[in-house]
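The values are calculated or read from the model by the stated rules, or taken from the named source; none is laboratory data. Everything numeric in this text was worked out from a predicted model, so none of it was measured. Neighbour counts run over all protein chains shown; Cβ positions are idealised from the backbone, glycine included. Keep in mind that these areas ignore ligands, DNA and RNA; they rest on the heavy atoms of the full protein, side chains included. Shrake-Rupley method; radii C 1.70, N 1.55, O 1.52, S 1.80 Å.
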Amino acid sequence: MNRLSGETSPYLLQHADNPVDWWPWGEEAMREAARRDVPLLVSVGYSACHWCHVMAHESFEDPETARLMNEHFVNVKVDREERPDVDAVYMSATQAMTGQGGWPMTVFATPEGHPFYCGTYFPRPQFQRLLTGLHHAWAHDRENVLKQGAKVVEALNSAGTLPSGPLPTAATLDQAVANLRESFDPVRGGFGSAPKFPPSMVLEFLLRMGEHDMSGKTLEAMARGGIYDQLAGGFARYSVDAGWVVPHFEKMLYDNALLLRVYTHWWTTAHEPLARRVALETAEWLLSELRTPEGGFASALDADTEGQEGKFYVWTPEQLRDVLGPDDGDWAVRVFEVTGTFEHGTSVLQLLKDPDDPERLARVRARLLAAREERVRPERDDKVVASWNGLAIAALAEAGIVFDRPDLVEAATAAAVLLDEVHVEGGRLLRTSRDGQAGRNAGVLEDYANVAEGLIALHGVTGEARWFRLAETLLDAVLDRFGDGSGGFFDTADDAERLFQRPQDPTDNATPSGQYAAAGALLSYAALTGSARHRDAAHAALGTVSVLAGKHARFAGWGLAVARAALDGPVEVAVVGPPDDPRTRALHKETYLSGAPGLVVAPGSGDGEPEVPLLQGRGLVGGAPAAYVCRGFACKLPVTTVEDLRVQLGSVAER
């Protein structure tokens, strides 16, 4: 048992019984390396990472490899999901040294943490040679090793940040659409070639632009392909091929939260039946598979079971016939494209077109799902990450009101309560918790921004001022602690642990960049309050979008989506009336069906003095519930019927 046994991260706990003398990241490990006069070996991964498991089995569980590691290094294990800041700075170094990156990430560093040799996965024989060679270099050529480390740090710190431009214009956004079309796959959807990742933020931008060709083709292709679980719902991390057929099987909370919101918005803008089905199935999958007893959402499901990637999800024709019988089995082979698309004659289920008999499909799916439940299930990383729970809160709240599913709103509320009661201390966020106990790692920019975004969305659905107030507190911390002085934001607070580089990356990755997520939350808050400070900060943070839009739009999807909302206002709707009045509920729901980009909603009862400024001075009309459609606090005449509200929202959405 090593020093990881007391950690809360499931990924670190997976390594607690290794023969490697692992340390968690921290000053103690660095002091130990200095005391022993040996380098740090920093291994970064996450629990759902297939190749992380491979390297663990090959090397970290091997006594001889562990002996080399323990004799010559202080070995540090990092869960990248707990410490995205540590991951970010070492990934920058790895990419600078090798031209590529990935996980597991393997970094050799001085006792001060300055990297001098980086890589990713190493097979055991190569890794053992590397350990021996770097030990020899540290012992006999240390001056050059230290120079290499200093040179890397100097190069990274002098690289500068992405230049900023003005607030994107309508022409800038049109350029972004044109740039996206250059890499769009018109046959299979998505952008670029294999591997293909769900382009969630880009799709949100395209929907807000009213561009339904690229967005609709991609959304349908993903929903019908193997990347989507055709039995239980939910999306895998990415497709290894260009046709969305074979996924890399881990399922992440952040992907499914983002895609749930996108499919909900596809429904509100295009009314595609497939959008409704996939949104609801994904929401139900989140609740059944990732919800924790404390009300939050776990981070991920592994790709592997019983040492085999995808074993839980794939089928052979014989397995289908065993479960369904020969008639339904043969039918399922055809419907789900079971033609040997994966390994060893197995296939990932696809549903490239809806069969003529939907009732038969439902029966077959139910029987296959029940049979699959008898298999060994993938492991779950059950730590709760604040940022990703913020994404889930926003998606579930909006899906709940759009699809008349109060249970989804209740789930979003429970997650918000957990974040408030466990993750928030003195107005600051902690990044993770597990079993209702907060971790020790400080929240980063994306945590503050995505949680604030989720809370503003939840307030828009529930009208509970508690969530508006907490979002305000978090956004004040963003402005006070994360600003770079030039309109952008660092990814860590000014009082966070000092690394060899203060990370700052305005571009999207698997989730919205912290900077663009902050811009979106700040813009929404400004729309609710009229705060010029928050609006100006949002606009300034979008300056890098103008630089990326013309040639690298795929890396600025969320910034482009927020910029579209900023150019549109965004639309603000105050819905006033008793919350249990059917007329209030009808007006409230209709607001969310408008498809207005970046729509901001403030529900109020019409009694007393409201906390949200958008509601102030706006009451019932002739004793009836009313909706006020506004931009910049300038409102149209209030309406009391769904028909009149639809007309007003239609006119602003088409503006």
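Give the residue, chosen from Phe197, Phe205, that is open to solvent by less than 30 Å² (accessible area, probe 1.4 Å) and under 30 Å from Arg261 (Cβ atoms).
Working: Phe197 fails: open to solvent by less than 30 Å² (accessible area, probe 1.4 Å).
Only one candidate qualifies: Phe205.
For the stretch 405-446, name all the residues that are part of a helix (DSSP H, G or I), without any contact (Cβ under 8 Å) to a residue 24 or more places away in the chain and not acidic (Asp, Glu).
Once the filter is applied, which keeps residues that are part of a helix (DSSP H, G or I), without any contact (Cβ under 8 Å) to a residue 24 or more places away in the chain and not acidic (Asp, Glu), the stretch 405-446 yields only Pro406.
Can you confirm whether the stretch 144-157 contains a residue that is in contact (Cβ under 8 Å) with a residue 12 or more places away in the chain, of a type outside the set (Asp, Glu) and closer than 30 Å to Leu593 by Cβ?
At the first step, the residues of the stretch 144-157 found to be in contact (Cβ under 8 Å) with a residue 12 or more places away in the chain are 145-146, 148-150, 152-153, 155-157.
From what's left, of a type outside the set (Asp, Glu): 145-146, 148-150, 152-153, 155-157.
Imposing the further condition that a residue be closer than 30 Å to Leu593 by Cβ reduces the set to none.
Within the stretch 144-157 (the criterion being in contact (Cβ under 8 Å) with a residue 12 or more places away in the chain, of a type outside the set (Asp, Glu) and closer than 30 Å to Leu593 by Cβ), the answer is no, since none of the residues qualifies.
What number of residues within the stretch 56-96 are among the charged types (D, E, K, R), in contact with a Pro (Cβ under 9 Å, 6 or more places away or on another chain) and surrounded by fewer than 21 Cβ atoms within 10 Å (Cβ to Cβ)?
Number of matching residues: 4.
Cβ-Cβ under 7 Å, sequence separation 6+ or interchain: first residue in the stretch 65-86 and modelled with pLDDT of 95 or more, partner of a type in the set (Asp, Glu) and not in a loop (DSSP other than H, G, I, E, B). Which pairs?
Final answer for the pair search is Val74/Glu32; Val78/Asp87; Arg80/Asp87.
If you take the residues of the stretch 111-131 that are open to solvent by less than 70 Å² (accessible area, probe 1.4 Å) and assigned to a helix (DSSP H, G or I), which of them is nearest to Glu27 (Cα to Cα)? Step through it out loud before you land on a result.
As a first pass, look at the stretch 111-131 and keep what is open to solvent by less than 70 Å² (accessible area, probe 1.4 Å): 111, 113-116, 118-123, 127-128, 130-131.
Subsequent filtering for residues that are assigned to a helix (DSSP H, G or I) retains 127-128, 130-131.
Working: Phe127: 26, Gln128: 27, Leu130: 25, Leu131: 23 Å.
Only one residue fits best here, namely Leu131.
So which helices (runs of 4 or more DSSP H) are wholly in the stretch 1-97 and hold at least 1 residues that are within 18 Å of Leu131 (Cβ to Cβ)? Reasoning before the result, please.
Working: elements: 10-14, 27-36, 50-55, 63-72.
Qualifying helices (runs of 4 or more DSSP H): 27-36, 50-55, 63-72.
Mind checking whether some residue in the stretch 266-274 is in contact (Cβ under 8 Å) with a residue 60 or more places away in the chain and either more than 22 Å from Ala596 (Cβ to Cβ) or touching a Pro at 6+ places or on another chain (Cβ under 9 Å) (or both)?
Yes: the stretch 266-274 contains one or more residues that are in contact (Cβ under 8 Å) with a residue 60 or more places away in the chain and either more than 22 Å from Ala596 (Cβ to Cβ) or touching a Pro at 6+ places or on another chain (Cβ under 9 Å) (or both).
Please give the number of the condition Leu649 fails out of (1) under 27 Å from Arg466 (Cα atoms); (2) in a helix (DSSP H, G or I).
Failing condition for Leu649: (1).
If I filter the stretch 154-177 for residues that are within 21 Å of Ala88 (Cα to Cα), of a type in the set (A, V, I, L, M, F, W, C) and either touching a Phe, Trp or Tyr at 6+ places or on another chain (Cβ under 6 Å) or not in a loop (DSSP other than H, G, I, E, B) (or both), do I get at least one hit?
Yes, that holds for at least one residue.
Can you tell me how many residues within the stretch 205-251 are of a type in the set (S, T, N, Q), under 20 Å from Val338 (Cβ atoms) and either in a strand (DSSP E or B) or touching a helix residue (DSSP H, G or I) at 6+ places or on another chain (Cβ under 7 Å) (or both)?
We begin by selecting, within the stretch 205-251, every residue of a type in the set (S, T, N, Q); these are 215, 218, 230, 239.
Now drop any that are not under 20 Å from Val338 (Cβ atoms), which leaves 230, 239.
Then keep just the ones that are either in a strand (DSSP E or B) or touching a helix residue (DSSP H, G or I) at 6+ places or on another chain (Cβ under 7 Å) (or both); that gives 239.
Residues that pass the stated criteria total 1.
Confirm whether Ser43 is open to solvent by less than 30 Å² (accessible area, probe 1.4 Å) and modelled with pLDDT of 95 or more.
Values: open to solvent by less than 30 Å² (accessible area, probe 1.4 Å): yes; modelled with pLDDT of 95 or more: yes.
Taking the combined requirement at face value, the residue satisfies it.
When you go through Val545, Val575 one by one, which is the residue that is of a type in the set (Val, Ile, Thr) and either closer than 21 Å to Leu455 by Cα or at pLDDT below 95 (or both)?
Working: Val545 fails: either closer than 21 Å to Leu455 by Cα or at pLDDT below 95 (or both).
Unique residue meeting the criteria: Val575.
Any residue that is closer than 30 Å to Val601 by Cβ and in contact with an Asp or Glu (Cβ under 7 Å, 6 or more places away or on another chain) - is there at least one of those in the stretch 300-323? It would help to see each step written out before you state the result.
Just the residues of the stretch 300-323 that are closer than 30 Å to Val601 by Cβ, to begin with: none.
Checked against the condition, which is being closer than 30 Å to Val601 by Cβ and in contact with an Asp or Glu (Cβ under 7 Å, 6 or more places away or on another chain), the stretch 300-323 yields no hits at all.
If you take the residues of the stretch 296-307 that are at pLDDT below 95 and not in a loop (DSSP other than H, G, I, E, B), which of them is most open to solvent (accessible area, probe 1.4 Å)? I'd like the intermediate steps shown before the answer.
Of the stretch 296-307, the ones at pLDDT below 95 are 302-307.
Among the residues that remain, those that are also not in a loop (DSSP other than H, G, I, E, B) are: 304-305.
Details: Asp304: 28, Thr305: 7 Å².
The extreme case among them is Asp304.
Here's a check for you: in the stretch 1-38, which residue that is of a type in the set (A, V, I, L, M) and closer than 18 Å to Asp62 by Cα is surrounded by the fewest Cβ atoms within 10 Å (Cβ to Cβ)?
Within the stretch 1-38, the subset of a type in the set (A, V, I, L, M) is 1, 4, 12-13, 16, 20, 29-30, 33-34, 38.
Next cut, closer than 18 Å to Asp62 by Cα only: 1, 4, 12-13, 16, 20.
Details: Met1: 8, Leu4: 22, Leu12: 24, Leu13: 16, Ala16: 15, Val20: 26.
That would be Met1.
So which helices (runs of 4 or more DSSP H) stay within the stretch 520-633 end to end and still have 3 or more residues that are closer than 28 Å to Asp174 by Cβ and not charged (D, E, K, R)?
Values: elements: 532-541, 543-548, 557-568, 582-592.
Of the helices (runs of 4 or more DSSP H) lying wholly inside the stretch 520-633, those with at least 3 residues that are closer than 28 Å to Asp174 by Cβ and not charged (D, E, K, R) span 532-541, 543-548, 557-568.
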